[in-house]
Amino acid sequence: MSSYPQMMHTALDTTDARTLAEFYRELLGLQYRPGDEPRADGEPDDDADWLVLIDGDGNRKLAFQEVDSLSRSTWPSPEVPMQLHVDYRVPDRDALENHRRRAESLGAHVLLDRTDEEGEPLYVLADPAGHPFCLLVG
């Protein structure tokens, strides 16, 4: 194994993906990944449950995953901790399997196996403390 997984972006759960994406787009001067832009007619985009922001060179920076409900973080108070996960890409399916095995040997465990998806095979794993992260072919 000659290379390590590469961080793709940080993904934030939210109950309104478009609104949060707009906040960070404006705050950080990012742009939407092609195809993720808001609808030109101003109508709500009902399918905006996963959006990605990129920098001027096309590098992924942030992603937004819409969820039905989300308790607002109370950090630094410990009742509801911070909420996000990191996505790591690998070049192909062989690397995906190698890195999954390596992550498990380091103490991770698989939460979701979505390797049967042709377009974006992935594993969602939990680190030893239970924080989720994704390994995917990208």
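Observations, loosely collected:
- Filter result for the condition that a residue is surrounded by 15 or more Cβ atoms within 10 Å (Cβ to Cβ) and free of Cβ contacts under 8 Å to residues at least 40 places away in the same chain, over Leu125, Leu111, Leu136, Leu106: Leu125
- Condition check for Ala129: in contact with a helix residue (DSSP H, G or I) (Cβ under 7 Å, 6 or more places away or on another chain) and assigned to a loop (DSSP other than H, G, I, E, B): no
Each row is one residue, and each column tells you yes or no for (1) among the hydrophobic types (A, V, I, L, M, F, W, C); (2) surrounded by 12 or more Cβ atoms within 10 Å (Cβ to Cβ).
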{"residue": "Leu20", "(1), (2)": "yes, yes"}
{"residue": "Gln31", "(1), (2)": "no, yes"}
{"residue": "Pro34", "(1), (2)": "no, no"}
{"residue": "Asp41", "(1), (2)": "no, no"}
{"residue": "Asp47", "(1), (2)": "no, no"}
{"residue": "Met82", "(1), (2)": "yes, no"}
{"residue": "Arg93", "(1), (2)": "no, no"}
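- Within the range 63-93, the set of residues being within 10 Å of the chain's Cα centre (by Cα) and either small (Gly, Ala, Ser) or over 18 Å from Val124 (Cβ atoms) (or both) comprises Ala63 only.
- Tally, over the range 111-128, of residues that are farther than 21 Å from Thr10 by Cβ and either assigned by TED's automatic domain parsing to the domain that holds Ser3 or touching a Phe, Trp or Tyr at 6+ places or on another chain (Cβ under 8 Å) (or both): 2
- Annotation: of all residues in the range 33-83 being aliphatic (A, V, I, L, M) and part of a loop (DSSP other than H, G, I, E, B), the one that is modelled with the highest pLDDT is Val67.
The values are calculated or read from the model by the stated rules, or taken from the named source; none is laboratory data. As the structure is a prediction and not an experimental result, all values here were calculated from the model. Using ideal geometry, Cβ is built from the backbone for each residue, glycine included, and neighbour counts are taken over all protein chains shown.
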